[in-house]
Structure formats: C-alpha cells, structure tokens
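The values are calculated or read from the model by the stated rules, or taken from the named source; none is laboratory data. Nothing here was measured: the structure is a model prediction, and the numbers come from that model. Note that each Cβ is placed from the backbone with ideal geometry, even for glycine, and that neighbours are counted across all protein chains shown. The area values use the complete protein model at the heavy-atom level, side chains included, leaving out ligands, DNA and RNA. Shrake-Rupley method; radii C 1.70, N 1.55, O 1.52, S 1.80 Å.
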Amino acid sequence: MTVYNGKGVYSSVAIGKASVFKRRSASVPMLKIDDPAKEIERVENAKALAVEQLTAIHGKALKEVGETNAEIFEIHIMMLDDEDYNDSIRSIIENQGVNAEYAVSVTSDNFSEMFASMDDAYMQARAADVRDISNRLIACMTEGSAESGSSDEKVIVCADDLAPSETVSLDKDKVLAFVTAYGSSNSHTAILARNMNIPAIIGVGEEFLKNISDGDLMIVDGHTGEVFVSPDDETLKRLEEKQAEDIKKKQLLQELKGKENVTLDGTEVKIYANIGGVGSIGSVLANDAGGIGLFRSEFLYLESDNYPTEEQQFIAYRKVLESMVGKKVIIRTLDIGADKQIDYFDLEKEENPALGFRAIRICLTRPEIFKTQLRALFRASAFGDLGIMFPMITSVSEVESCLKMCDEVKKELAEDGINFNEDTEIGIMIETPAAAVISDKLAPLVDFFSVGTNDLTQYTLACDRQNAKLESFVDTHHEAVLRLIELSAKNAHENGAWIGICGELAADLTLTETFLRMGIDELSVSPPYVLPLREKVRSLRLK
Ligand code: PEP
Ligand code: MG
C-alpha cells in the first residue's frame, strides 16, 4: 500500500480503480513550411472550430454547474481572441517558417510559464487555462476535435492537473473521484469539482503519477486528503466503514427534505440559505432551503469589470426570484469596502478599512450607484417574494435615507408604468453594536432585522475579522454578542418586526437552542448546513 497526501476538495470517500487521464500527445513536431499564409489560415479555422466546441461545453456547464462556474469557458473563448496570444502564433509562423501546431505549442509554453511565474495565486492558476486552449487549438488542427473518448467503467481519474474544460467534459456518471498531482484550491478546476460534487483531491505530488497505473485499486478520502493505492485489507475495511457512514449520514439528512423546521414542542423556525450568486441556486434547492436569507449582491459587482447596469442586475435578481418560485429571497444591497475591494470603484486606501468607507456609507454617498441597484431590485420584485436589506447600519438617519431612496425609486417606476411589488419587505442588517443598542428605534422603521454575526462580533470585540493573529481572542460565543442579539430580538418583536441571523453563527449547532429561546424567527446558512440545522432544530425541546 502507498499513501499520498493532498488537499481534499470535496469531503467524501471513493473506492475504485484508477484510470490515468490520457491527454493528446504533448509533443508537437516542428515542420518547416513554405506557405505561412496557409498555416495562419489553418489557425483561424481551428479557432472557429474551438469556439464552436467551447460554446457547446459552456452550455453543458451552465446546466451542470451554474453560470458563475461556466463563465470560465466564455473566458477561454475570449483568450482565443487575445491579441498578444495571436500575434505570438503568427510571428512564430512567419519569422521561423514553421507549422501552425508548433507555433501554438511554443506560444502555449511561453504564456503559461509567464502566468506560472506570477506572484498572484489566481494568475498562476491561469497557466492551466492557456495550456487548455492551446491543446484544444492543436487538436482542432490535427484531428478536428478536442474531446477525448471515455471508458464505460466507473473510475477514479488520475491526472497531472485537469483543465477546466477537461473537468467539465468528464462524464459525471462514470467518474467516482479525481486525483491530481498538481493544482491549487484557487483553480477553477477545484471550484468546478466542488460544485459538481465529485470527490476530489488535488496536489498529491508528481511521485503519485509515476507510480499509478490503469486498474490499480485506490481509495480517495476527501475528508483527510489521503489517497491510498493498493490498500491493505485493514485500510480497505476502515475506509469502507467510513464511506458507509458518510452515505448513511447523507441519506438520513435526505429524509429531512420536505419536513418542517419545528422543535419537539412545536416552536417553528425558518431555515434559509446564503448565496453569493445565481450559480448557487441549485444547491439551495437541492438542500431544501425555505428561502434565501442573504444574497450577497456585491458578488455581481466583484465579478464584473465595470458597474453592472440596471438591466444586468435586474436579470440576475429576477432569475433568483423565479428559480425560488414564490419563496422568500432577501437581497442585500451592495456591501463593498473593507475586505471586498473593487478597482473600478476607485476607493482610497484607508488606515482602518473595516471602520471605513464601506457598504451603505458608499451607497448613500454615491446615490447614482444605489439608485441603479434599487431600480433593478424593485423591478425584480414583481417576479417573486423579494426582501431588500441594507448593510452596516448604525443610525436612524441612515435608515431614513435608504427608505427615502426606495420611495423615490418606486415613484419613478410607477410613473414609467413599470410593475413592482408595493409590499416588498425592507430590512436592515444588525451588524454594528450601535444598531443593536438602538434597535428599539430602528425596528419601527423596517419589516425585519437580519443579524450579521460576522461583523457584529468583529465590532463588539474590537477584533479585525481578517486578522488571523486574533483568532485566540475571538470568543464567538461572547456574552456581549449574544446579549446584543437578544436585545435586537426583543426590540424587533415589540415593534412588529421579525428577526433572522445570517452570519456564520447561524450554522453553529451549539447555539441553535439559545437562538430559538431568544425567539429568532429565521436562520440563514450555507446550503450544505440547511439539513444538519433542520435535524438539530427537530431534536430540541424548549419547554
Ligand atoms: C455578517 O457580517 O455576518 C454578514 C453576514 O455579512 P458579511 O459576512 O458579508 O460581511
Ligand atoms: Mg457583514
């Protein structure tokens, strides 16, 4: 038995036979040519075919892994059109008088090495994308296709690294898991694997590839990042038991789908999910969340090179609302600044960004940005049960300004004859001690509170949430934070508002009973936590 260690991308156990991923020949012969124009034309034809294939893969990925993850294939299409990349291919053909395949392969080596040598982990990961598009171009020239054949048996795919298009082209029904010698958790491949729910381990090292052969029995433990090749009987038995436990746990949780979130003595709580983009809706539905308690809308801005337009935002919000068919969707208005920086906002560097110009402070200072988002939100409100909430509130006047802006937008839409839901619920995040302390004054102004425990803890304990050194000083169950939540719950209810929690603490099962005793009406967690939380709620007796 040989054991290799890497990083588990998706936590579960797979046992099966190895299949070493066969890529098309990496060595491309250099041939001297007489007609450079003909070679350039071959590159252009191959590009057209590659774009056709990538468009089809993009469509497949859209269905399987959602819009955000499928985006990489649109980027590949754009990369194929990159001026520097194409100039390099052309100049190698013309200046060296060599064949198109060779020119693409040299360009691929040069560009991928350039990316690999960059300091930024994200840019390093792009080296695989350049190799991927180049291999596709070469395959299109030599064989007319870049898609690889596949075996019928369910296997554990072993590779040096898998390019995004290779990952998404794998037939999910035939892949038990995949293991790669290289790769980073920041790469699109790892992100896609997570979203495709394929157990995967990355970065096990190159020794693994030298020793693995087709048909070798393997165990992949995504919990620990261990890969066992030719396991001994004891390991096989231990991991088979672990796999059975995983399956049992998941099955048990599946049985909770469609069940109520109600304690043994009848207290009910709503369990919603947090998302950062439209691509996560599948996971929200698969985990049977009752709604979306926090859509971090800033991800729309983070994924874009410029301010998303009203129309772009409207399309995204409407899609979420329509997908949730009548279930509550709470969209938080733009919350950038602090750790979430966006170049095109041109924000000045600050001494204390967490205490700086962020979230609602930016929106109230730059009303054109705020208004665009509110118009998109209210237009989308006609397509489902929308709630809008404002982040980083500290005062009554901020809430009043937000409400005034909402009224202006509604008036404009009405004048333009555009439909919207007049009863759209409006809420605020309770994520500053100030908001919690004056929650009696804030509650009468809104329909709901949502407690952002990540920031509320940071500001109450004066511990920068980005600073890893402070970990030992952050007591996530600190009485001060819990008292502020309790006070907010009391003030919400006394003033006819409801209250939820959407910070990470909502998923802390050791606090579920405390929160329910405070009268919290809704808990919003990452999609995979919905069913474990439901299980916890159903096990509690409050009276
Ligand atoms: C929070 O602060 O708890 C919260 C949910 O918002 P974010 O983590 O996006 O700041
Ligand atoms: Mg926050």
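Test Val104 against the criterion of being out of contact with any His (no Cβ under 7 Å at 6 or more places or on another chain) and buried (at least 20 other Cβ atoms within 10 Å of the Cβ), and give yes or no. Yes: the conditions hold for Val104. I'd like to check something: does the range 385-399 contain any residue that is part of a helix (DSSP H, G or I), in contact with a helix residue (DSSP H, G or I) (Cβ under 7 Å, 6 or more places away or on another chain) and exposed (fewer than 15 other Cβ atoms within 10 Å of the Cβ)? For the range 385-399, residues part of a helix (DSSP H, G or I), in contact with a helix residue (DSSP H, G or I) (Cβ under 7 Å, 6 or more places away or on another chain) and exposed (fewer than 15 other Cβ atoms within 10 Å of the Cβ): present. Listed by first and then second residue, the pairs with beta-carbon distance under 6 Å, at least 6 apart or on different chains, first residue in the range 496-521 and over 12 Å from Thr453 (Cβ atoms) and open to solvent by 20 Å² or more (accessible area, probe 1.4 Å), second among the basic types (Lys, Arg) and away from ligand 2 (no atom under 16 Å from the Cβ), are Leu509/Lys536. Keeping to the range 79-96, report how many residues are at pLDDT 90 or above and surrounded by 14 or more Cβ atoms within 10 Å (Cβ to Cβ). Qualifying residue count, the range 79-96: 10. Looking at the range 333-370 only, could you name the residues that are outside any loop (DSSP other than H, G, I, E, B), open to solvent by less than 10 Å² (accessible area, probe 1.4 Å) and either outside the structural domain of Pro308 (by TED's automatic domain parsing) or within 13 Å of ligand 2 (Cβ to nearest atom) (or both)? Listed by number, the residues that qualify are Gly337, Ile360.
Contact map, the range 109-121: residues that are part of a helix (DSSP H, G or I) paired with residues that are of a type in the set (D, E, K, R), Cβ distance under 6 Å, separation 6+ or inter-chain. Pairs shown: Ser112/Arg131; Phe115/Arg126.
So, Ala380, is that one in a helix (DSSP H, G or I), under 23 Å from Leu505 (Cα atoms), open to solvent by less than 10 Å² (accessible area, probe 1.4 Å) and out of contact with any Cys (no Cβ under 8 Å at 6 or more places or on another chain) or not? Taking the combined requirement at face value, the residue does not satisfy it.
Return yes or no: is Asn261 within 16 Å of ligand 2 (Cβ to nearest atom) and farther than 21 Å from Asp423 by Cα? Against the criterion (within 16 Å of ligand 2 (Cβ to nearest atom) and farther than 21 Å from Asp423 by Cα), Asn261 does not qualify.
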